[in-house]
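Enquirer: Structure provided below as structure tokens; questions to follow.
The values are calculated or read from the model by the stated rules, or taken from the named source; none is laboratory data. Note that the structure is predicted; figures quoted are calculated from it, not measured. Quick reminder, even Gly has a Cβ in these numbers, built from the backbone with ideal geometry, and neighbours come from all protein chains shown. Keep in mind that these areas ignore ligands, DNA and RNA; they rest on the heavy atoms of the full protein, side chains included. Shrake-Rupley method; radii C 1.70, N 1.55, O 1.52, S 1.80 Å.
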Amino acid sequence: MREFIVTITYESGVDPVMDVFIEHPDTRAQTTTCHVSVDGLWRLDRITGSEAALDQLSETFTNSVHCNECIGERHCHTNWEYEILTRKPTRQLVYTYRPAGSDCWSIPHLATCYLGDGLICDAERHENQYEWRLLMCDDAPATELYEALNEELRTGLELEFRQVGEPSYWIDEAIEIADLPHEQRTAVEAAVEYGYYQTPRNISLTDLAATLEVPLSTLQYRLQQAEAWIIQRFVTRSTTGRL
């Protein structure tokens with residue numbers, strides 16, 4: 001398997017959705033799951049940002065007529081379907097569906113046309129960039145996809161196409177979960193279960209240690225190490241484009 005990264009950089013004023021991310025640089029849209037085939041596209045996006053930014057996106061992102069994915073001068077005519085599954089002041093979870101159509105000039109559609117079914121996709125919008133990571137078979141004709149994307153690209157957009165020798169992104173994501181020692185993970189899970197992290201707390205650290213039958217100092221150490229690990233991963237993902 002090979003991993004390819006396709007990044008589109010947008011100038012201000014060329015796309016109403018990306019303009020919101022440019023205007024509000026703390027806003028991110030991260031795809032949690034995406035399925036693409038010749039039959040259509042289904043995806044979930046978790047969007048986080050200020051209340052003002054999400055209000056703007058609610059009006060533009062879920063516009064069923066405008067194609068948020070088309071990178072060329074031509075916009076597809078098949079209506080997109082959107083549903084906001086969860087809505088809170090600073091975050092939303094948005095479901096997107098697009099039925100099959102031959103006139104969609106988007107990265108996922110063109111990737112399916114040139115690389116076939118079986119793609120695993122991950123996407124993110126942040127500031128002026130829209131990045132897609134594609135996991136594909138070794139013999140997939142990625143050069144043809146690049147040429148098609150570059151030919152279709154409209155004025156105001158810039159394409160960057162990078163090949164990664166191995167699917168490190170997905171491998172690293174899987175390894176990270178196992179990196180947390182079992183004792184630390186168990187301590188965090190118990191702290192959450194018994195309400196230690198709730199406000200107000202449902203249990204004290206002393207009582208939690210007694211419940212788990214471990215010394216208080218041991219539990220403190222395990223929680224501190226686990227919390228430091230979790231915070232470091234969160235900050236790393238945030239600064240490198242992950243949510």
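Enquirer: In whole Hz, with x marking every Gly and Pro, tabulate ³J(HN,Hα) for the range 146-152 from phi via Karplus 6.51 cos²θ - 1.76 cosθ + 1.60, θ = phi - 60°.
Expert: For the range 146-152, the Karplus curve yields 4, 4, 5, 5, 5, 5, 7 Hz.
Enquirer: A further question follows. In deg cm²/dmol and to the nearest 500, what is the mean residue ellipticity at 222 nm of the chain if only DSSP H runs of at least 4 residues count, each as -39500 (n - 2.57), divided by the residue total?
Expert: When only DSSP H runs of four or more count, the value is -12000 deg cm²/dmol.
Enquirer: Now for a separate question. Roughly speaking, what is the stretch gain from Glu59 to Ala210, that is 0.36 nm per residue apart minus the C-alpha to C-alpha distance, in nm to one decimal?
Expert: Between Glu59 and Ala210, full extension yields 49.2 nm more.
Enquirer: Can you give the angle from 0 to 90° between the axis of helix 168-179 and the longest principal axis of the chain, with both taken from C-alpha atoms, to the nearest 10?
Expert: The two axes meet at around 10 degrees.
Enquirer: Ok, one more. Kirkwood hydrodynamic radius, the chain, all distinct C-alpha pairs: what's the number in Å?
Expert: 20.2 Å
Enquirer: What net charge is computed for the residues neighbouring Arg222, neighbours being all others with C-beta under 10 Å from the C-beta of Arg222, Lys and Arg scored +1, Asp and Glu -1?
Expert: Residues close to Arg222 contribute a combined charge of -1.
Enquirer: Another one. Provide the packing ranking of 218-231, 116-129, i.e. peptides ordered by the mean count of other C-beta atoms within 10 Å per residue, highest first.
Expert: Answer by packing, highest mean first, reads 116-129, 218-231.
Enquirer: Could you please state how large a percent of the accessible area of the chain is carbon and sulfur, counting protein chains only and using a 1.4 Å probe?
Expert: 50 percent
Enquirer: Let me ask something else. Residues of the chain: accessible area per residue at 1.4 Å, in Å²?
Expert: It amounts to 53 Å² per residue over the chain.
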